[in-house]
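What follows is a single structure, written as structure tokens, with notes after it.
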Amino acid sequence: MCLLVRHFSRFEPPFTIASNSLLHYDTAGPDQFGLLSYSVARALLIDTDTASDDAVALIMALRFPEVRVVAITTVAGNVGVQQATRNALYTVELCGANVPVYAGAEKPLLRAHQSATWFHGRDGFGDHNYPPPHQSPGKLHAVEAIIEVIEANPGVVLVTLAPLTNLALALAKKPSIAAKVGRCVVMGGAPCCEGNVTPAAEYNIWVDPEAARTVLLSGLPVELIGWQLSRGDAVLHKDDIAHIQGFNNELARFAVECNSRARQAYMEQTGEDGISLPDPIAMSIALDPSVGTQWSAHYVDVETHSELTRGMTVVDRLSVADDDRNKAVWTPVLDKARKAKVCWTIDTKRWKETLLSALN
Ligand SMILES: [Ca+2]
């Protein structure tokens, strides 16, 4: 408990936490849309294109004792938005949670939707014929829900695990929400230039680069959690998987099973054997920022014109954006954006401990 306070305080959030308040949910009650507003240190809003790794991230958030997931919003990405919504509802029910799910954009802002079903399976969950959920999505559109949740929960931690279409639409409709978000943890990008769609780009940014650019230039306090952080030692290897299966409970079984196709696809893609979990790593950092061990703050822009480097997250790592010779290119960023915190390394032991505690 104290640990969490210390970790949040490292990032100087725009909220204060009473030392003994984290155990108490002093809700303000439902607003006109039925959305509960919680005191800010515990409020989490998750935007997801729910497929197999998203589901594990949702389980982590829903099981983490010190936060409350206020709402989940879905968007077209890994799978279509209807399937993503079904998958999110299924995961919420599996956790026995009572969190509203709101369906959002059916396609990127300007481009045709391109799914990642080759990686996650046709249903996003490895095609194991999971039953339909009992609940239905909320009546609000995800874009409206995002605006309402942020307005009702200033300082909310926003976690995006998907193409950024919903958030870009919300920012276009109400730009002032950017100043009310405490942290915006974005699973996306390939700041080291080794993407999972092209050498330049990671899927969430590549599939809707215009939306990603809108978000990065919005003034939101973005923490960029790139795809490369989910490789190598961060992958769940055979021993990790056996350990999780040994928990012998429904959530642990589901977390491994729904990633069966993703495990095969990851092997085809990288030659690495195991389950790579980009969204849960971003979630672990949202829940415990100390999982990220090396950070630096930079202006980041997104390539939207080139075909070769579409969706590339261009990080001004040497801080040359405001040099006179570069200003012409970077003016839109300098005028509107704030520097994003880019995560370069993670504590893999701590990340896996966070995961295991959610599944056990
Ligand atoms: Ca995702």
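Read-outs throughout are calculated quantities, based only on the coordinates presented, and are distinct from any laboratory measurement. On a predicted model such as this, the values are computed, not experimentally measured, just so you know. Using ideal geometry, Cβ is built from the backbone for each residue, glycine included, and neighbour counts are taken over all protein chains shown.
Quick notes
- Residue with peak Gaussian network fluctuation, the chain [Cα springs, cutoff 10 Å], from ASP49, ASP208, ASP347: ASP347
- Phi angles of region 282-298 translate, via the Karplus equation with coefficients 6.51, -1.76, 1.60 and θ = phi - 60°, into HN-Hα couplings of 4, 5, 4, 6, 4, 7, 8, x, 6, 4, x, 9, 10, 9, 8, 9, 8 Hz per residue; Gly and Pro are given as x.
- Residues listed by number, region 100-119, amide nitrogen under 20 Å from LYS173 label point at 7 Å toward C-beta: 100-111
- Length released on extending from SER319 to THR331, taking residue separation times 0.36 nm less the Cα-Cα span: 3.0 nm
- For VAL79, the residues 5 or more places off, or on other chains, whose built amide H falls under 5 Å of its own are ALA116.
- Restricting attention to region 251-360, lysine pairs at least eight places apart or on different chains and with alpha-carbon atoms under 23 angstrom apart total 5.
- Length gained on full extension, ASN360 to ARG338: 4.0 nm, using 0.36 nm per residue less the C-alpha separation.
- Estimated translational diffusion coefficient (Stokes-Einstein, Kirkwood radius over Cα pairs, 4 °C, 1.567 mPa s) of the chain: 64 µm² per second.
- Placing unit charges on the Cβ atoms only, positive for Lys and Arg and negative for Asp and Glu, gives region 141-208 a dipole magnitude near 220 debye about its Cα centre.
- Backbone amide hydrogens, once placed in the peptide plane, bring ARG122 within less than 5 Å of ASP127, excluding anything fewer than 5 places away on its chain.
- Bridge type composition, the chain - antiparallel percent by DSSP, nearest 5: 30
- Top positive-direction residue, dipole computed over the chain with Cβ charges, set HIS128, THR165, GLY80: THR165
- Sorted by Cβ density within 10 Å, fewest first, the residues THR304, THR160: THR304, THR160
- Reducing region 230-301 and region 57-134 to their Cα centroids gives an inter-centroid distance of 17 Å.
- In order along region 109-125, the phi-based Karplus estimate (6.51 cos²θ - 1.76 cosθ + 1.60, θ = phi - 60°) of 3J(HN,Hα) comes to 4, 10, 10, 5, 6, 10, 7, 10, 5, 4, 8, 9, x, 4, 8, x, 10 Hz; Gly and Pro are listed as x.
- Förster radius 25 Å - calculated FRET efficiency between HIS305 and GLU272 (Cβ-Cβ, nearest 0.05): 0.20
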